[in-house]
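Data first, discussion second: the structure below is written as C-alpha cells.
The values are calculated or read from the model by the stated rules, or taken from the named source; none is laboratory data. From a predicted model like this one, the values you see are computed outputs, not experimental measurements. As a convention, Cβ positions derive from the backbone with ideal geometry for all residues, glycine included, and neighbour counts pool all protein chains shown. Ligands, DNA and RNA are excluded from the accessible area calculation, which covers all protein heavy atoms including side chains. Shrake-Rupley method; radii C 1.70, N 1.55, O 1.52, S 1.80 Å.
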Amino acid sequence: MFQPLGFEQRSVNTSLGRVVYYTNVGLPYEDEITAGTQKETLVFLHGFGGGSSAYEWSKVYPAFAAEYRIIAPDLIGWGKSEHPARNYQIDDYITTIGLFLEQTCTEPVTVIASSLTAAFTIRVAIAHPDLFKSLILTLPAGLSDFGQDYSRSIFAQIVSVPIVDRLLYTTGIATSSGIRNFLEQRQFAESSRVYSEIVEAYLESARQPNAEYAALSFVRGDLCFDLSLYIQQLTTPTAIIWGQKSQFTGPEIGRRLAEMNPQAIRVFLELENVGLTPQLELPAVTIGLIRRFLPLLNS
C-alpha cells in the first residue's frame, strides 16, 4: 500500500484482529532535537468502498506531520489490516474504532473521518466523549438517514444473492477497470482528477485475501443505519465538509443532519464540484479547510 515519506507502519490488536496504521516518525518531520517533543494527535479514518484504505487520506495528512502526531489506520477488513472472514456488522466498527483510539491515544484527540466511517465515529463519540477533542468530517452519513433504506435498493438486493456477490466482487469491483469506472463515474465529480496511482492503491487493497467480506457487507447495506436517530446526542465540537455532487448522499442530507444539532455541529460547508471524497479529489482545499477548522473547534 502507498506509504508517504516519513511514515512507518505499526499495528495494534483489537477484538476482531490486528489493525495496521501509519504514523510519522523521524525525518523529514522530526530530528534528534524535536523527536521527544510532545505533539497533539490527529487521527484520520477512511471511508468504505471497494479497495478503501488509509490511502484515502494520504494526500492530506502529511501536510500536518511537522506539527502533529499523525495516525491513519486501515480499518479492520480493509487495506493491510486483518480481514476476518465474517459478515461485518455496525457494532464491529463502533467497537474497533473505540478500541483503536484507546490503544493509540492517551488524551482526547481530533478525529478526521469520512462518509460511513464518519457516521460510526459520531456514534463512538456519543458513547465515549472522553476520547474526543473535536471532529472534522467529510460527508458523514449512515446511508439510511431519515428513514431511507439503502439495503432495499436494487444493487444491494443483487449483491445479497450468494455466489453472485463473490462473482460481482471479483469481476466487477476488484479489477482495475471496475475501480477506475467507479471512481470516475460515482466517487469523483470530475473524472479527470482520477489518476493511475489512485486506481492502483484501491486495487491493491481490494485484492487482499478476504477483502470481499468487508466490502460486500458494506455494499449489501449491513453497515448502514439512520444517523438522524443519533445526531442530537453528539456533544463533541464538529465541522462537516460535504461534496455538492455526492451521488449517494446529497448535501441536503448533510444540512438536515447539521440543523438537528447546531450546538455541536459548528460548521457545515458545502464544496462545489466535488463528490464523495474531497480529500482525494481536492486535497489542497481539504488541507486548507482542516487548518481553518482546527482552531475554531479547539478554542
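If packing is taken as the mean number of other Cβ atoms within 10 Å per residue, what is the order of 265-274, 72-81, 209-218, highest first?
72-81, 209-218, 265-274
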How large is the convex hull of the Cα atoms of the stretch 198-299 per residue, expressed in Å³ as a whole number?
-> 133
Roughly speaking, to the nearest percent, how much of the stretch 27-95's 1.4 Å accessible area is carbon and sulfur?
-> 47
Residues other than Leu183 with Cβ under 12 Å of its Cβ, Lys/Arg counted +1 and Asp/Glu -1, net out at -3
Global form of the chain, assessed from the alpha-carbon gyration tensor, a/c cut-off 1.5 | rounded
Would you mind putting 107-115, 82-90, 250-258 in packing order, based on average other-beta-carbon counts within 10 Å, highest first?
-> 107-115, 250-258, 82-90
Multiply the residue separation of Ser191 and Arg18 by 0.36 nm, subtract the distance between their alpha-carbon atoms, and state the gained length in nm to one decimal.
-> 58.8 nm
Solvent-accessible area, 1.4 Å probe, carbon plus sulfur percent, for the stretch 168-212 = 45
Set of lysines with alpha-carbon distance to Lys80 below 20 Å, sequence-local pairs under 8 removed = Lys59
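With +1 on the Cβ of every Lys and Arg and -1 on the Cβ of every Asp and Glu, and nothing else charged, how large is the dipole of the stretch 179-299 about its Cα centre, in debye rounded to the nearest 20?
Charge dipole of the stretch 179-299: 260 debye, to the nearest 20.
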Quick one: which of 174-185, 195-206 comes out on top by average Cβ neighbours within 10 Å, and what's the full order, highest first?
-> 195-206, 174-185
So what's the net charge close to Val109: Lys and Arg +1, Asp and Glu -1, counting the other residues with Cβ under 13 Å from its Cβ?
-> -1
Any idea of the accessible area per residue across the chain, 1.4 Å probe, to the nearest Å²?
-> 41
Provide the solvent-accessible area of Lys59, counting protein heavy atoms only and rolling a 1.4 Å probe, rounded to the nearest 10 Å².
-> 60
Counting only the heavy atoms of the protein chains, how much of Thr235 is accessible to a 1.4 Å probe, in Å² to the nearest 10?
-> 100
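Where the only charges are on Cβ atoms (+1 Lys, Arg; -1 Asp, Glu), what is the dipole of the chain about its Cα centre, to the nearest 20 debye?
I would put it at about 300 debye.
Please give me the summed charge of the neighbours of Pro73: other residues whose Cβ is under 11 Å from its Cβ, Lys and Arg +1, Asp and Glu -1.
Neighbour charge sum, excluding Pro73 itself: +2.
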Among Leu131, Ile287, Tyr202, flag the residue with its Cα farthest along the positive direction of the charge dipole of the chain, charges on Cβ as +1 for Lys/Arg and -1 for Asp/Glu.
-> Tyr202
